[in-house]
Amino acid sequence: MEGRKLSRRDILQGSVALAAGTMFASPVRAQAPEPVAITPDLVEAAKKEGKLIFYSSMDLPVGEKLGKAFEAAYPGITIQIERSGSERLFQRIDQEFASNIRAADIVNSSDASHFIVWKKNGWLMPFVPEDVAKHFPESYRDPDGMFATSRVWLSSIAYNTNLVKPEDAPKSFADLLDPKWAGKMVKGHPAYSGTIMTATFQMVRELGWEYMEKLSKQRVMQVQSSTDPPKKLSLGERAVMADGNEYGIVLLKEAGQPVEPVYPVEGTPTISGPTGIFKTAQHPNAAKLFQAWLHTRQTQQFFIDFTAQYSVHAQVQSKPGRRKISDIKLMKEDAEGVEKMTEEIKTRYARLFRV
Amino acid sequence: MTTITTTDTSKSRIDLTRPVLWLFAAFMIVLIVLPMSWLMLYAFTDKARHPTLQNFVTLFTDPAFLDPLLTTAIIATTSAVFCCLVAAPIGWLVSRTDMPGRQTIRALVTASFVTPPFLGAVAWELLAAPNSGLLNQLYRYLTGAEDPLFNIYSLTGLIFVISCYTFPFVFVLVANALDNMPGELEDASAILGGKAWTTARRVTIPLALPALIAGALIAFLQAMTLFGSPAILALPAGFHTMTTKIWSLFQYPPKLELAAAAAVPLLLLTILLLQGQKFLLGRRGFSVVGGKYGAPRPIEMKGWRWAALAFCLIVLLNPVFLPYFALLNAAFSPNATTLVTPSTATLHNIVFVFTELSSTQLALKNTVILGASTATIGTILALVVAYVTTRRVIASHRVLGFLATAPVAVPGIVLGVGLFLSYTRPPFVLYGTLWILLVAFLTINLPSAYQQLQAAFATIHPELEDASRILGATRLQTLRQITAPLLRTGVIATWCFIFIGVMRELSAAIVLFTSQTKVLSVLIYDLNESGDLAAISVLGIAMLVITFAVVLAVNRIPVFGGGAAARLRNS
């Protein structure tokens, strides 16, 4: 990342190297199944199953609202959302598969590298919704049709406006090392949160482990999920958020809470959350219906409007009044890089931050 | 005499006692020996299951492991001391003085026992998080100070919160011992001219000491093996305890061998402490409990009565009044730590938890099913074992008693690891079902249930049973017609005790749950991970309401006769 700004077009064309395009761009591309539209038959079959179990790391109120929208669209199907940090979900799915438990139908992870592992294990079911085939850039869908990126979001800095004046607020990751922020920051943990895992990878790549080492000396309040720092910030428990979901901050700000996002000058870590169906799903038709519904233009538009995240669906517009992702300097994603460094990040992070 | 009668009748008719008892023994071996064997196997082997000590070398050369060990030792010791300092005076005031409101104080201690420690930890986050905590806000408002008064995210904070929900264990033992202490001994000392302090020093304190030591050890074990409070408070504070460390070893890629090895020191320490307790108590033969003595005379506190009551209430602010207030406030507050006023109160959190949060119903259902079934099976199991050991029905009754007590030595998270290793592979794949949680909760609660019922049996004279046997009843008939009715209050109390234990349990559940077998404690833990404190408050209150309602309802079942609630408070 040479410090240039990414335009929306760049992102859509895949300069953000995601799992799909860069890693699996190979002759097997032709194997993706035919795109599937939402047909009355699919809806009927899904309703017969009547249930869907969705593993997701989305902020709880956001995820549950998505679930309610699905239930409203297709009455008769209930959705159960298993919310936890992505790294915890990843661990549990591993445990469950090892014991032959097939609880999860469909999963949305905030660590795109998880899909590399699941695909390698042969756990995913190929399924391509029509909208994904037509409107999703190639870099945001698996060439074999195993998953597609349902959302893109950022891990930013933020501050509490009651506790910090705008002119004193940190502008960069480097500013966070200022002694005046010692004991005043909160951040998520890469061993629990996929967002933080992905963000930590990008920060370490751009700023080096020395940066993390210095940050760890700042007596940072360590929480688990990336959805928690925005909440601790809005409570006023800490003045500055060192990392965490930017969309949480935007939503809280829109709800009138005293929080303000900061897009660091070094670039803002970018995270994409793919969704895929497990081959062993107990409710395969409901899962297919959900996957197809989730990636339609309407759902994607509704989703970004109420969650303040970003969509890679070509027809989706950003909500008026919100900052466009093309105006933000981004750090580049690299799911394959994350996959290779996962263990190192967990170990070194635990050593530095002592938890 | 008893033995002879037994032999005579069993010759003349088929007695089902033995096969039934052996079945129980086999069941308990599966319950306890199997998971512990797997644990040991993993601890002492490598990935290929070749014997090695490498896991221990790795652990004991790594400061990331030694630090938590030391931290845990500090937490357990200070909590135990703290609990004794608080529980002993309250126990004495409630049991031996004319302080007003003694029953209320007992009920409030019960309330702190019923409150799950992890819920208490969340409530104390709401109260004493350094910047947003309600108490710190109040302090700043009153004094204009910048710095916080309390920081719950600290070692001291954690010790405090653990003590809040551990002291009832000490209180119950001390108060019971004082309740059952014969007043004559103290009277004798007084008649012989002993002053109040002499009587206390020479009679009362020595008689209560074993209970206090036993309580201190239980408090130590509780504090050492607790998972919820440290998991909630230690991570933000930047340190690990043994239980959170073991849990972190489950992170992907799971290091099960290390997790098993890390569980071994906890196990050994527990066994050592229990042996120590036996040694200490065994040397002093105080067999004063159970006979017919006069009730102890309450000490007249005169002017100090109200001061004593005030002291008790101030202590109980910490585990009960303040946390309950914080939870209630958060449940109706728009952002968890703003003081609710009539104009800001919102029902949003309640609506969210009961209509939008998709795991609520499942977790509620699982918890109630597990609570009721564990309590029922556990009570029956404990009843049979207690009967066998107190009446010495079979030669190997000691083995059965040992098996029932042994799980005391197995901390919840260690048991969780052991069960995970035992039941996630064939031939017994229980992981993913409620059965594995049932097994875990049963094992965890068996020792205390057994001890309670053993004490209850001790109060029923065997002659009553002998009479029935002589008149021709089989052992099982006797048990049903004579012994059971006499035991009913003890049985109810045990049932409630186990039910509450299941509601409180998090450490084994956190290792063993899946999405379909989620329980309330795990749901609350997950909500804490994502910072949804208001939702936790609503669920926590619901959990407390259910617990109190079930306990009260069970105590009112006509077959068992009412009034067992009083018994629960004393047991």
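The values are calculated or read from the model by the stated rules, or taken from the named source; none is laboratory data. As the structure is a prediction and not an experimental result, all values here were calculated from the model. A quick note on method: Cβ atoms are made from the backbone with ideal geometry, for glycine too, and the neighbour counts reach across all protein chains shown. The area values use the complete protein model at the heavy-atom level, side chains included, leaving out ligands, DNA and RNA. Shrake-Rupley method; radii C 1.70, N 1.55, O 1.52, S 1.80 Å.
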So, R0 is 41 Å and r is the distance between the beta-carbons of A:LYS165 and A:ALA314; what FRET efficiency does that work out to, to 0.05?
0.50
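Rounded, prolate or oblate: which fits chain B, taking a ≥ b ≥ c as square roots of the Cα gyration tensor eigenvalues, rounded meaning a/c under 1.5, else prolate when a/b beats b/c? Write down the numbers at each step before the final one.
Details: a/c = 1.56, a/b = 1.16, b/c = 1.35.
In terms of gyration-tensor shape, oblate.
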How do A:HIS189, B:HIS461 rank by accessible surface area computed with a 1.4 Å probe, from largest to smallest?
B:HIS461, A:HIS189
Rounded to the nearest whole number, the per residue volume of the convex hull around the C-alpha atoms of region B:370-516 in Å³ is 117
Starting at the first residue of region A:133-147, write each ³J(HN,Hα) from the Karplus equation 6.51 cos²θ - 1.76 cosθ + 1.60 with θ = phi - 60°, in whole Hz, x for Gly and Pro.
5, 7, 10, 9, x, 4, 5, 10, 9, 6, x, 8, x, 7, 6
Mean Cβ count within 10 Å, highest first, over the residues of peptides B:149-158, B:509-518
B:509-518, B:149-158
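By the gyration tensor of its Cα atoms, with a ≥ b ≥ c the square roots of the eigenvalues, what is the shape of region B:313-383: rounded for a/c under 1.5, prolate for a/b over b/c, or oblate?
Numbers: a/c = 5.17, a/b = 1.51, b/c = 3.42.
Oblate, since a/c reaches 1.5 and b/c is not below a/b.
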To the nearest 500 deg cm²/dmol, what mean residue ellipticity at 222 nm is calculated for chain B from DSSP H runs of n ≥ 4 alone, each contributing -39,500 (n - 2.57), summed and divided by the residues?
-22000 deg cm²/dmol
B:ARG102 - accessible surface, heavy atoms, 1.4 Å probe, Å² rounded to 10
90
Kindly sort A:GLU266, A:GLU333 by accessible area of their heavy atoms, largest first, with the probe set to 1.4 Å.
A:GLU266, A:GLU333
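Is it possible to state the helix-based mean residue ellipticity at 222 nm for chain A, with each DSSP H run of 4+ residues giving -39500 (n - 2.57), the sum divided by total residues, to the nearest 500 deg cm²/dmol? What is it? Mind showing how you got there, number by number?
On the way: 13 runs with 137 residues, N = 355.
Calculated from helices alone, the mean residue ellipticity at 222 nm is -11500 deg cm²/dmol.
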Using θ = phi - 60° and the Karplus relation 6.51 cos²θ - 1.76 cosθ + 1.60, list the HN-Hα couplings for region A:174-190 in order, rounded to whole Hz, with x at every Gly or Pro.
4, 4, 5, 7, 4, x, 5, 9, 4, x, 10, 10, 10, 8, x, 10, x
Over chain A, what is the relative contact order in whole percent, taking alpha-carbon pairs under 8 Å and six or more residues apart?
29
Accessible area, 1.4 Å probe, largest first: how do A:GLU246, A:GLU336, A:GLU44 sort?
A:GLU44, A:GLU336, A:GLU246
For chain A, longest principal axis from Cα atoms; helix A:194-207 axis from its Cα atoms; angle between them, nearest 10 degrees, is 50
Using modelled backbone amide H atoms (1.01 Å from N, in-plane), which distant-in-sequence or interchain residues come within less than 5 Å of A:GLU82's amide H?
A:PHE54, A:TYR55, A:SER56
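Could you give the size of the charge dipole of chain B about its Cα centre, using +1 on the Cβ of each K and R and -1 on the Cβ of each D and E, expressed in debye and rounded to the nearest 20? List each step's numbers first, then the result.
Working: 35 positive and 23 negative charges, 328 e Å.
Around 1580 debye, computed over chain B.
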Antiparallel %, DSSP beta bridges [both residues in the protein assembly as shown], to 5
55
List every residue whose amide H lies under 5 Å from the amide H of A:SER193, counting only residues 5 or more places away in sequence or on a different chain, with H placed 1.01 Å from N in the peptide plane.
A:GLU87
Could you give the angle, 0 to 90 degrees to the nearest 10, between helix A:60-73's Cα long axis and the longest principal axis of the Cα atoms of chain A?
20
Mean Cβ neighbour count within 10 Å, used as a protection proxy, ranking B:59-72, B:405-418 highest first
B:405-418, B:59-72
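Given the pairs A:LYS184/A:LYS231; A:LYS187/B:LYS245; A:LYS253/A:LYS319; A:LYS165/A:LYS329, which span a C-alpha to C-alpha distance of over 18 angstrom in this model? Mind showing how you got there, number by number?
Working: A:LYS184/A:LYS231 14 Å; A:LYS187/B:LYS245 20 Å; A:LYS253/A:LYS319 15 Å; A:LYS165/A:LYS329 23 Å.
From the list (A:LYS184/A:LYS231; A:LYS187/B:LYS245; A:LYS253/A:LYS319; A:LYS165/A:LYS329), the Cα-Cα distance tops 18 Å for A:LYS187/B:LYS245; A:LYS165/A:LYS329.
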For a quick size check, give me the Cα extents of region B:87-215 along its three principal axes, largest first, whole Å.
60, 30, 27
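With a/c under 1.5 counting as rounded, go ahead and sort the protein assembly as shown into rounded, prolate or oblate using the C-alpha gyration tensor (a ≥ b ≥ c being the square roots of the eigenvalues; past the cut-off, prolate if a/b is larger than b/c, else oblate). It would help to have the intermediate numbers written out before the result.
On the way: a/c = 2.17, a/b = 1.63, b/c = 1.33.
Taking the square roots of the gyration eigenvalues as a ≥ b ≥ c, the protein assembly as shown is prolate.
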Let me cross-check B:MET224: its accessible surface, 1.4 Å probe, with only protein heavy atoms counted, in Å² to the nearest 10?
10
Chain A -> Rg/Rh from Cα coords, Kirkwood Rh, value 0.96
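Which whole number gives the average, over all residues in B:233-244, of C-beta atoms from other chains lying within 10 Å of the residue C-beta?
On the way: counts 0, 2, 8, 11, 4, 8, 3, 3, 0, 0, 0, 1.
Mean partner-chain Cβ count within 10 Å for B:233-244: 3.
Quick check: at a probe of 1.4 Å, how many percent of the accessible area of region A:111-268 sits on carbon and sulfur atoms?
Numbers: 2380 of 4600 Å².
Carbon with sulfur: 52 percent of the solvent-accessible area.
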Per residue of region B:268-277, what does 6.51 cos²θ - 1.76 cosθ + 1.60 with θ = phi - 60° give for ³J(HN,Hα)? Whole Hz please, x for Gly and Pro, Karplus curve as stated.
5, 4, 5, 4, 4, 5, 5, 5, x, 5
